[in-house]
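The values are calculated or read from the model by the stated rules, or taken from the named source; none is laboratory data. The model shown is predicted, which means the values in this text are computed figures rather than measured ones. In this analysis, Cβ positions are derived from the backbone assuming ideal geometry, glycine residues included, and neighbour counts consider all displayed protein chains. Ligands, DNA and RNA are excluded from the accessible area calculation, which covers all protein heavy atoms including side chains. Shrake-Rupley method; radii C 1.70, N 1.55, O 1.52, S 1.80 Å.
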Amino acid sequence: MTLEPFVLPVAGTRVAGLRSTPAAGTRVLALHGWLDNAASFVPLAAALPGLDLVAIDLPGHGHSSHMPPGTQYNTPGAICHVLDVADTLGWERFTLLGHSMGAGIASLTAAAAPERVERLIAIEALGGLRGPEDETAQRLREHVGAVRALPSKKLRVFSDLAAPVRARMMANQLSEPCARLLVERGVMPVEGGYSWCSDQRLMLPTAMRLSEAQIDDLLAAIECPTQVIYATPAQSYYPEPLRSERIKLLRDGRLDVFPGTHHLHMEHPALVADVITRFLGG
């Protein structure tokens, strides 16, 4: 199965992405990780025939519109955006597939709109990152300070793609082919070379995070069958036993863990696709 570019007008914004050709089979809406884009699912799509797979560039990422000036990127907005995309596609019920940040958004969308989500596949995240209560004031101060300093920031310009590819390889333990997939969709031509096309506001410290108790309540509200896929060793910001304990809150959850890095679905697509195929078929 190959993915072809598309653009959709959604709630006054431009949503770009990649869609399977032919568009037939189980409806799956795929959400990528932070500072990634729809190309995150290109390797996996090749191993998943028979799906109507729609991988979008989330707002501020890839070829999709940035949020308007003065607005914020936040989880409730992301959930509503996902549902707006589904509405535009004409999908009343669908499966959500997410990686990292996208898995966090997908799982919270399943909690917020259980009547819309048939199944959930969460890779390398479930429920989002927690924020200890005693860090709330400091986090808010850091966010406000960074927002007010943003106008003085300048875009970094790369003379060619070699440097951003190396940067992604180092930051995410990615192979060169996988890093290149993300970079080629994640940059734009500018005077002197290339710059990241993602919105600089995505780099701001998060203003508010949910507490672990709030995340627990949301995970317990997910009604659909859920397949969680983790790589081992765990990421430092989402450690064991926390990440495995969250699975126990799901009403109908299952877990598969494989040796690998954070972009397991890109580096080992056949392995992940086998789990997804069995889950959707069962």
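For the stretch 114-132, name all the residues that are under 22 Å from residue 60 (Cβ atoms) and either over 15 Å from the mean Cα position of the chain (by Cα) or assigned to a helix (DSSP H, G or I) (or both).
Of everything in the stretch 114-132, just one residue is under 22 Å from residue 60 (Cβ atoms) and either over 15 Å from the mean Cα position of the chain (by Cα) or assigned to a helix (DSSP H, G or I) (or both), namely 131.
Okay, residues lined up against (1) farther than 12 Å from residue 125 by Cα; (2) among the hydroxyl-bearing types (Ser, Thr, Tyr):
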position	(1), (2)
199	yes, no
202	yes, no
205	yes, no
209	yes, no
232	yes, yes
243	no, no
265	yes, no
274	yes, no
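Pick out the one residue from 215, 222 that is in contact with a helix residue (DSSP H, G or I) (Cβ under 6 Å, 6 or more places away or on another chain), closer than 30 Å to residue 134 by Cα and crowded, with 19+ Cβ neighbours inside 10 Å.
222
Which condition breaks for residue 138 when tested against (1) of a type in the set (S, T, N, Q); (2) free of Cβ contacts under 8 Å to residues at least 40 places away in the same chain; (3) in contact with a strand residue (DSSP E or B) (Cβ under 9 Å, 6 or more places away or on another chain)?
The number of the failed condition is (3).
Just need a number here: residues in the stretch 173-203 that are assigned to a helix (DSSP H, G or I) and open to solvent by 40 Å² or more (accessible area, probe 1.4 Å).
Matching residues across the stretch 173-203 total 8.
When you scan the stretch 112-123, how many residues do you find that are open to solvent by 10 Å² or more (accessible area, probe 1.4 Å) and in contact with a Ser or Thr (Cβ under 9 Å, 6 or more places away or on another chain)?
Result for the stretch 112-123: 3.
Report every pair of residues separated by at least 6 positions or lying on different chains whose Cβ atoms are under 8 Å apart, first residue within the stretch 23-36 and farther than 15 Å from residue 2 by Cβ and open to solvent by 10 Å² or more (accessible area, probe 1.4 Å), second part of a strand (DSSP E or B) and among the β-branched types (Val, Ile, Thr).
That search, which allows pairs on different chains as well, returns 26/95; 27/54; 27/95.
For a quick check of your reading of the model, give me the residue pairs whose first member lies in the stretch 203-222 and is more than 18 Å from residue 239 (Cβ to Cβ), whose second is open to solvent by less than 40 Å² (accessible area, probe 1.4 Å) and of a type in the set (S, T, N, Q), with beta-carbon atoms closer than 9 Å and at least 6 apart or on different chains.
Close Cβ pairs (under 9 Å, with a partner that is open to solvent by less than 40 Å² (accessible area, probe 1.4 Å) and of a type in the set (S, T, N, Q)) amount to 218/107; 222/107.
Please specify each residue of the stretch 91-111 satisfying the condition of being more than 8 Å from the chain's Cα centre (by Cα), open to solvent by 20 Å² or more (accessible area, probe 1.4 Å) and in contact (Cβ under 8 Å) with a residue 60 or more places away in the chain.
Hit for the stretch 91-111 is 93, nothing else.
Of all residues in the stretch 194-240, which are among the charged types (D, E, K, R) and within 18 Å of the chain's Cα centre (by Cα)?
199, 201, 209
Between a first residue in the stretch 250-276 that is in contact (Cβ under 8 Å) with a residue 24 or more places away in the chain and part of a helix (DSSP H, G or I) and a second residue that is surrounded by fewer than 16 Cβ atoms within 10 Å (Cβ to Cβ) and polar (S, T, N, Q), which pairs have beta carbons less than 8 Å apart while being 6 or more apart in sequence or on different chains?
Close Cβ pairs (under 8 Å, with a partner that is surrounded by fewer than 16 Cβ atoms within 10 Å (Cβ to Cβ) and polar (S, T, N, Q)) amount to 267/175.
Any residue that is part of a helix (DSSP H, G or I) and closer than 26 Å to residue 251 by Cβ - is there at least one of those in the stretch 89-97?
Looking through the stretch 89-97, none of the residues is part of a helix (DSSP H, G or I) and closer than 26 Å to residue 251 by Cβ.
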